[in-house]
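Reading through the structure tokens given below for one structure.
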Amino acid sequence: MNALNRRDFLKGSSALATLASFGLLGMDFKDREGPLQVALIGTGWYGKSDLFRLIQVAEVEVVGLCDPDKNMLKAAGDMVATRQKSGKVPALYENYKELLSKEKPEFVLIGSPDHWHALQCIDALKSGAHVYVQKPISVDVIEGEAMVAAARKYNKVVQVGTQRKSTPHLIDAKEQIIDTGKLGKISHVEVCCYFHMRANGNPPVEPVPEFFNYDLWTGPAPLRPYDGIPHKRWWRTFMEYGNGITGDMCVHMLDTVRWMLKLGWPTQISSSGGIYVQKDGKSNISDTQSAIFEYPELNVVWQHRTWGNPDDSDYPWAFKIFGDKGMLAGSTMQADYTPLDKDEKPIHFDCLFEREKYPEDVNEPDIELNAAPATRLHMKDWLKAIDQNTLPVADIEEGHISTASCILANISMDLGGRALKYDPKSMTVIGDKEATERLRRPYREGYTHPEPSKV
């Protein structure tokens, strides 16, 4: 494969046309015989969801699954056997390195907790696989720089699970509103999340169950006292494993706005917040936070609260792009154009559901039916990029910019709200030694932090 060439984000006359531009089984992959050899690392809720969407759009054989939870792993294996054409249960592994070594998958999906993304992605690239990695791509900025360096060094396609770029109604909104200039001069954006998703419990410390390798699950992160199965929501409520609501939810909406408006790195980032209301639980992520991502003549302003009412009940997790001729609001569920001119009609964009085309979606546990079409299109875009030797719509570098910007917001908050200017060339915060030191988290003994120059 030749070196990948940079390209513009997903183009097309409409989202539905884009969906239809691929065959039923995804890409043909020239001169290929047999299904795509696929593995999944992290068999929790979203890992399985990503895998099942890929199975729906491409001819694949799932050759391996990995998870340190034996019960979850076995259940995932049984589910995969019912979904893939061969009917086979994939090989099951506790350690992802063993999976990569023995199965040698061509395509690896990473759905593990955030603190594992960097190491697993880099190792998968080294093994020769193309990678689909969930967002945020990393828990610190230098991890992300190393992931970009590895993707380029090993010449593999990495798609990040920021699938709002592949959300049909948002593609339509971008093409019809943003690209046509209906908003006029855009100089302000608001992004928000008001979901009550901060777990706020106080479970007791207890023995680790035999089916769960907690030490391996923790990996490079600090080893917290075990207080119950961390899957799904509990781990997300600790900074040891991620970057809070900003790292988890802002990354989606910031990334969407960047794609729509063709924005790169912010020139400056500042943030403030903390635990202002929900003080009784173990959770150490902020329950209230504001951030400003500055661009020339444009501010992107983030706000989240894990308590109280949303600012706009129709758009509790959303972006709003303001121009001097109108406003575009968007979410995973819908989008609305509101013109300033009272004589011009508003435009509404509905979410696409594909229940009839994919009836198996309806009975899948925990599936986000509104996001399933976007994830399918995202998988198709990944395969197309591999087949055509181009960059995908959510290339690792774009995922890194969005992820790192949110991490920098958290660093700013921790440092009292001071403004940070990150220089990606030197990989430093300009004029701020203390902030620069926080670009790299310390790893637990036995694990080595990846470095961009050594991948």
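The values are calculated or read from the model by the stated rules, or taken from the named source; none is laboratory data. What you see is a predicted model, and the numbers here were worked out from it, not measured in a lab. Note that we place each Cβ from the backbone using ideal geometry, even for glycine, and neighbour counts take in every protein chain shown.
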**Asked** Residue check, LYS232 against (1) more than 25 Å from ASP432 (Cβ to Cβ); (2) touching an Asp or Glu at 6+ places or on another chain (Cβ under 8 Å), all met but one. Which one?
**Response** (2)
**Item:** Search result, residues across the range 150-161 that are in a helix (DSSP H, G or I) and among the small types (Gly, Ala, Ser)
**Value:** ALA150, ALA151
**Request:** From the list PRO207, PRO168, pick out the single residue that is free of Cβ contacts under 8 Å to residues at least 24 places away in the same chain and surrounded by fewer than 24 Cβ atoms within 10 Å (Cβ to Cβ).
**Result:** PRO207
**Asked** Among all residue pairs at least 6 apart or on different chains, which show Cβ distances below 6 Å where the first residue, located in the range 360-381, is touching a residue at least 40 places away in the same chain (Cβ under 8 Å) and the second is part of a loop (DSSP other than H, G, I, E, B) and among the aromatic types (Phe, Trp, Tyr)?
**Response** LYS380/PHE22
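Results for (1) farther than 17 Å from SER405 by Cβ; (2) in contact (Cβ under 8 Å) with a residue 40 or more places away in the chain; (3) among the hydroxyl-bearing types (Ser, Thr, Tyr); (4) buried (at least 19 other Cβ atoms within 10 Å of the Cβ), shown as yes or no for each residue.
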residue: THR218; (1), (2), (3), (4): yes, yes, yes, yes
residue: ASP227; (1), (2), (3), (4): yes, yes, no, no
residue: PHE238; (1), (2), (3), (4): yes, yes, no, yes
residue: ASP280; (1), (2), (3), (4): yes, yes, no, no
residue: ASN284; (1), (2), (3), (4): yes, yes, no, no
**Asked** Within the range 175-194, can you find the residues that are within 20 Å of the chain's Cα centre (by Cα) and either outside any strand (DSSP E or B) or charged (D, E, K, R) (or both)?
**Response** GLU190, TYR194
**Asked** For the range 350-379, how many residues are within 22 Å of the chain's Cα centre (by Cα) and closer than 18 Å to TYR46 by Cβ?
**Response** 17
**Complete:** Within the range 417-442, residues being among the acidic types (Asp, Glu) and at positive phi number 0
**Prompt:** Taking the stated definitions as given, is GLY431 assigned by TED's automatic domain parsing to the domain that holds ALA291, out of contact with any helix residue (DSSP H, G or I) (no Cβ under 6 Å at 6 or more places or on another chain), farther than 24 Å from GLY244 by Cβ and surrounded by fewer than 18 Cβ atoms within 10 Å (Cβ to Cβ)?
**Reply:** yes
